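Encoded as structure tokens, the structure appears first; notes follow it.
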Amino acid sequence: MNTRWVFSLFFVLVFLLLAAGCTQQPAAPVATPVPTAVETIATATPAPVKTTSASLTPGPTQTLPDAWSIDVQVASNGEAVDPQITVTCTGGKGLNVIPQLDVIVTRSDGVVETGSIKRPLYKGSSVSLRSTTKMGYVDRAEVWAYTPQGDKVKIYDAYVPFRSYH
């Protein structure tokens, strides 16, 4: 008789639990979030442009004000299979105020390659452009910085050797 009483009590408790679950208010429908448009910028490989008016002779550069100063390093990877000139931002007080750096590589074969390093600038941000494998100082790299007012200032202009042996 005790087991019968235990089973009856068990079934009554199960029934009460099920009934209690069924008496709750239905949950409010979850609102579907509205999709937001995300602007993506495609970064395609820059197309080389053959020009005849491009000069291989480096010109004068300018110095940014100390509060906007930005340091860059320009170097060739020295690989004959895939020669690249890499411009790397190495720091400076202007990291937070300079919106963009433009890079122009004028190759010895007359092709001009262009690229940009856009905000946010940080130590180590870089861009790589194709170069030639000719020995000597024949490829030219220019780095232009945009000031907060929108002016363009040439901060680097020099020959970049394919390989250097120091």
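Check whether at least one residue in segment 105-115 is hydrophobic (A, V, I, L, M, F, W, C) and more than 16 Å from Val74 (Cα to Cα), and report yes or no.
Scanning segment 105-115, I find at least one residue that is hydrophobic (A, V, I, L, M, F, W, C) and more than 16 Å from Val74 (Cα to Cα), so the answer is yes.
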Matching residues in segment 108-126 - criterion: being assigned to a loop (DSSP other than H, G, I, E, B) and among the basic types (Lys, Arg): Arg119, Lys123
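For (1) over 20 Å from Tyr146 (Cβ atoms); (2) of a type outside the set (A, V, I, L, M, F, W, C), each residue gets a yes or a no:
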{"residue": "Thr61", "(1), (2)": "no, yes"}
{"residue": "Ile85", "(1), (2)": "yes, no"}
{"residue": "Asn96", "(1), (2)": "no, yes"}
{"residue": "Leu101", "(1), (2)": "no, no"}
{"residue": "Val105", "(1), (2)": "no, no"}
Residue count, segment 70-105 (criterion: within 21 Å of Arg130 (Cα to Cα) and not in a strand (DSSP E or B)): 7
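Readers should treat all values here as calculations from the given coordinates under stated rules, not as data from a laboratory. Predicted, not measured: the structure shown is a model, and the values here were computed from it. Counting neighbours? That spans all protein chains shown, and the Cβs are built from the backbone with ideal geometry, glycine included.
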